[in-house]
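Since the structure comes first, as structure tokens, the remarks are kept for the end.
The values are calculated or read from the model by the stated rules, or taken from the named source; none is laboratory data. Keep in mind that this is a model prediction, so the values were computed, not measured. So basically every Cβ, Gly included, is an ideal-geometry build from the backbone, and we count neighbours across all protein chains shown.
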Amino acid sequence: MGGFVTFLIVFGGIVLGLVVVFLIVKSYLNKKAKQYLGMGLGETAKLLSDGLADECTMPYSVPKLDPLYKPKIDRDFPEMGFDRLQAMAKNGIVHILNAIESSKPDSVEHGSIRLEDQIRGIIDSHNLKGDSVHYNNIRIHSIGVDKYDASTEAASVVFQIALQSTYFCERNGKVIAGFKDKPTQNLFSITLAHNQDLSAADAKTYIEANCPNCGAPVPANGKECPYCGSGLVAVVDRYWQIDSFKLLK
């Protein structure tokens with residue numbers, strides 16, 4: 001009996017000693033945190049937790065240069081116009097992410113050969129590692145022009161797009177990136193390219209001309225309007241394509 005009591009006393013002393021050491025260390029760390037960070041451990045932990053939550057829900061910002069570039073684009077390409085280019089970029093980034101997820105590099109509407117090769121390279125890289133990527137519930141927060149260049153031969157517009165999606169990457173049935181139950185915020189750039197050399201166009205050209213009679217969009221090589229039957233004489237001399245994209249953040 002005496003031995004058991006002795007054991008309890010020793011054990012209690014050890015536990016008490018550990019508690020005292022823990023409190024001393026905690027007090028020391030709390031003091032240092034206030035000294036260097038201006039806040040205690042509890043406040044620091046809460047700040048980190050809030051920061052991780054914000055990372056999942058706070059959209060990235062995009063350039064606010066639309067008022068500068070919109071008049072120039074509308075002037076240079078009145079048939080296409082700024083609004084149609086912006087819509088093309090927004091639809092394009094969604095199509096690109098869906099193409100990567102579905103492993104269909106040629107499925108992006110108005111995509112250039114260069115873009116198709118870029119997407120194919122990404123898909124091949126994932127397949128080589130045995131990865132499968134998913135972009136669910138894509139939601140675009142904002143879009144803004146980052147750059148616009150134009151000459152007599154060609155032109156390009158670069159948009160930045162802030163979006164969120166339920167992004168995750170799986171390998172062997174395990175999630176190795178992203179979250180299945182949390183949104184991920186990303187910032188992309190997407191480049192739309194224009195070339196006046198219609199002979200270089202492929203089947204995915206984005207036509208910016210319309211029938212002069214009924215206003216319907218017309219094909220590049222059309223002899224007559226497919227909607228009203230009016231004759232067409234070289235009404236299309238330009239085209240736009242989605243040329244490339246980049247993940248910025």
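Pick from SER103, SER112: which is surrounded by 16 or more Cβ atoms within 10 Å (Cβ to Cβ), among the polar types (S, T, N, Q) and in contact with a helix residue (DSSP H, G or I) (Cβ under 8 Å, 6 or more places away or on another chain)?
SER103
Taking PHE168, is it at pLDDT 70 or above and either surrounded by 18 or more Cβ atoms within 10 Å (Cβ to Cβ) or not assigned by TED's automatic domain parsing to the domain that holds LEU68 (or both)?
Yes.
Touching a residue at least 60 places away in the same chain (Cβ under 8 Å), loosely packed, with under 13 Cβ neighbours inside 10 Å and on the phi < 0 side of the Ramachandran plot: does that describe PHE159?
Judged against the criteria, PHE159 is not a match.
Here are some residues: ILE138, ILE113. Which one is of a type in the set (A, V, I, L, M) and modelled with pLDDT under 95?
The conditions single out ILE113.
Here are LYS147, LYS174: which of them is within 30 Å of PRO78 (Cα to Cα), of a type in the set (Lys, Arg) and in the same structural domain as ILE96 (by TED's automatic domain parsing)?
Answer to the selection: LYS147.
Can you pull out the residues in the stretch 226-249 that are touching a strand residue (DSSP E or B) at 6+ places or on another chain (Cβ under 8 Å), part of a loop (DSSP other than H, G, I, E, B) and modelled with pLDDT of 60 or more?
Result: SER230, LEU248, LYS249.
From the set of residues in the stretch 34-78 that are touching a helix residue (DSSP H, G or I) at 6+ places or on another chain (Cβ under 9 Å) and in a loop (DSSP other than H, G, I, E, B), which is modelled with the highest pLDDT?
Only one residue tops the list, namely PHE77.
Being among the aliphatic types (A, V, I, L, M) and not in a helix (DSSP H, G or I) is the filter here; which residues of the stretch 79-129 pass it?
Within the stretch 79-129, MET80, VAL108 qualify.
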